[in-house]
């Protein structure tokens, strides 16, 4: 058994930024555990640009963005192990990992930060009707095959879901010579960032079928044909609206799910969106275990991930230094009308900062609305939004001095602008 | 000239091969798929039924009960995950209670341990059961078994004892030539003294090559949901509703890998080879399952699948020589409870039916066990550490969801049963079976298979020929 102040599980953007955040707040005895042969995580397969506009005020590719953070980790001499898989953790913060060189290593940590990212919802998870031949891949898997291994997954492609990776792959596959016949989205609106809609679909004349889903896959060994259908208000395919496409590949971009096996294994309290329930320091309901980045909630932009992870690193450092309050009294944060979820889900209200940062997504696109913060029933802040959409995470700050006590409920809701 | 040709390497064919491998016989198994156990055997409920349900005196009853008794020992010899968790057949309405009594009687006649549990005890045993449930029949000898490894390891054991296996070879004709058979495939012609037809869904097609038959196989599809490793305790037993004419009904069970299965439907169909799923059928499965367990976490769904049962028109297993020839043996219509029956069927076919036409001389070299498989995660930390120090590949994790190491993958690639596809590797190791369904590890698995078989990734198959995952190499000049 070795001892470490802080163990960070995952060496992608969140893990590296969390390490930097903790280090810069005085905790230097850190170990980052990364499963792949490189730091950087999924950024390494995202060779397109568009990363870093907030963080570095310039447009970088995924590997370039990762490189900037690898340099920050190296500049601080923060130790990390690669090709290493965490096989278990417990509530006493013992982390067991394994790799080919060291065998099995047990680490007793004072604090743990979970930065294990997310995984893609698969065809099986939504039970796409029809046959189950080869040629149905998630967008990230197609991206991994293409960008890291150098293989094109198909020549005639249809994409289900308008998530950002799907849009990025529509362009990427087209540039590599594949024909992308269309993108179907079950919702009546797109699920990707606006810039990706424009740059990846419209610029390449790839049609987008809103309120459509794949209603049938046909193919014995490999996908031969798919059918899409329009969906009704309950998202069920409407008979008679089928359109058929002869394709060899169906790519799915139907959502990302936090990769929370480890926290689930120790019965950490989870939210409806399958991330941990955390306070404003990103501490879960298990003492000294923190969560940040896509394993906490799925972000659109890596810039937001690293900002959040630095805060989690700071939170873990404060915890290790005994500076985080250990109080029972907390404010519960709730998603009200029109809001899908809110992070953090609770507030301990200590004196470490002046402002609280809230992140949330709305359930449906709206125009001319107020975001309303109500504390114990009383409206304490309203922010006007001319346009608000589910595919873009909202980040709003709330001055702490608006909260008069450290108990009760804070509700974030969407209110229509009065006529 | 072979002594025996077995057509079909499902659970039944594999166990017949294993039982025959004890004797000094030359045995060839011909399988049309790209792996053993690739059709009905791999897509079912993965249950070791106790045998309370089949009509007493039928072959189903006899082989089910015998097979279930053999299962713990067989699984030990072949290193197959098995759990004697017990089954509960649940009455959800008062009117169903007399049926439980009937089933109890039937269990007694079949020689199966069983007892009735009342609503109160049932709720203690199964906290998540429908609160309206009235009672259940408990069969403590029923259990769960890994259906992927059952045929693979039985065949491995058979091959280690000298049996020959040809995959991707389809029998196209059989004719009797005096004292032997000529079996023609899409690749070769073989001669054999005895032919065993264990061709599953196509066993009627094979049987007809020899003589007209009075029975047929009526394909009946079952669709299922697979849920991820959920916190243990959603169910503690295999939960069945009361059986009906259509089958055992929609069950809720855990698997030997800690997942949960919900299904199957029961649909009569025409195409024997279609394993497609559809929304209304699965919705119906869901609704029926929720009669047993109202709060099934379907948000943990990671896969849906369908299997096709080889339902015989006779409604009982057909395990007998053909009408004309004692040395042409039909083993057909092995629908549920076929998986659990297969070790007993294997023994019977080898010793009684093949034994009736060929001398069975025991081989002194016969070994009944497979070389043990190592799963580092099942070892205590100290032993795991020693293993990895000695064999570093067991410390290199390929599949993160199911925690499958490179060492385990190389092990299955080195065994006697060929592991030719991504799916074959998945069935043996669970790599790609988890929540991401291969999203992260499949490219690496493709690379490992390509390296092992000295082919390019373009030639690595997901399953059958024509099922490669990638279509074209890019930036070749840059490499």
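Selection within the stretch B:283-312: residues that are at the interface with chain A (Cβ under 9 Å from one of its Cβ atoms) and assigned to a strand (DSSP E or B). The member of this set that is surrounded by the most Cβ atoms within 10 Å (Cβ to Cβ) is B:304. Taking the stretch A:308-419 as the region of interest, the strands (runs of 3 or more DSSP E) fully inside it that hold 3 or more residues being closer than 24 Å to residue A:114 by Cβ and in contact (Cβ under 8 Å) with a residue 40 or more places away in the chain are A:331-335, A:339-343, A:355-362. Quick check on the stretch B:80-120: of everything there that is farther than 23 Å from residue B:236 by Cα and crowded, with 19+ Cβ neighbours inside 10 Å, which residue is farthest from the chain's Cα centre (by Cα)? Step by step, filter the stretch B:80-120, then rank; the result is B:106.
When B:130, B:44, B:68 are checked against the criterion of being surrounded by fewer than 20 Cβ atoms within 10 Å (Cβ to Cβ) and either in contact with a strand residue (DSSP E or B) (Cβ under 6 Å, 6 or more places away or on another chain) or in the same structural domain as residue B:239 (by TED's automatic domain parsing) (or both), a single residue qualifies: B:130. Taking the criterion of being closer than 25 Å to residue B:342 by Cα and outside any helix (DSSP H, G or I), the residues of the stretch B:186-211 that qualify are B:192, B:193, B:194, B:195, B:196, B:197, B:198, B:199, B:208, B:209, B:210. Tallying residues that are part of a loop (DSSP other than H, G, I, E, B) and touching a strand residue (DSSP E or B) at 6+ places or on another chain (Cβ under 8 Å) within the stretch B:237-278 yields 22. The residues of the stretch B:404-422 that are surrounded by 20 or more Cβ atoms within 10 Å (Cβ to Cβ) and assigned to a loop (DSSP other than H, G, I, E, B), listed by number, are B:417, B:419, B:420. For the stretch A:96-122, how many residues meet the condition of being under 21 Å from residue B:439 (Cβ atoms) and either surrounded by fewer than 21 Cβ atoms within 10 Å (Cβ to Cβ) or touching a helix residue (DSSP H, G or I) at 6+ places or on another chain (Cβ under 7 Å) (or both)? Here the count works out to 6.
Just one of the listed residues (B:449, B:406, B:420) is in contact with a strand residue (DSSP E or B) (Cβ under 6 Å, 6 or more places away or on another chain) and either under 25 Å from residue A:247 (Cβ atoms) or in contact (Cβ under 8 Å) with a residue 12 or more places away in the chain (or both), namely B:406. Scanning the stretch B:367-394 for residues that are in contact (Cβ under 8 Å) with a residue 24 or more places away in the chain and either facing another protein chain (nearest Cβ under 8 Å) or part of a helix (DSSP H, G or I) (or both) turns up B:376, B:377.
Within the stretch A:205-224, restricting attention to residues that are farther than 11 Å from residue A:245 by Cβ, surrounded by 18 or more Cβ atoms within 10 Å (Cβ to Cβ) and under 25 Å from the mean Cα position of the chain (by Cα), which residue is nearest to the other protein chains (Cβ to nearest Cβ)? Per the criteria, the residue is A:213. Filtering B:435, B:475, B:423 for residues that are within 11 Å of another protein chain (Cβ to nearest Cβ), modelled with pLDDT under 95 and closer than 30 Å to residue A:127 by Cα leaves a single hit, B:435. Within the stretch B:452-472, being more than 9 Å from chain A (Cβ to nearest Cβ), touching a residue at least 24 places away in the same chain (Cβ under 8 Å) and not in a helix (DSSP H, G or I) holds for one residue alone: B:460. Does residue A:71 qualify as being surrounded by 20 or more Cβ atoms within 10 Å (Cβ to Cβ) and over 18 Å from residue A:10 (Cβ atoms)? So residue A:71 does not fit the description; no. Number of residues in the stretch B:434-444 that are under 23 Å from the mean Cα position of the chain (by Cα) and assigned to a helix (DSSP H, G or I) equals 0.
The values are calculated or read from the model by the stated rules, or taken from the named source; none is laboratory data. Note that the coordinates shown come from a computational prediction; the quantities given were computed from them, not determined experimentally. Every residue, glycine among them, receives a Cβ derived from its backbone with ideal geometry; neighbour counts consider all protein chains shown.
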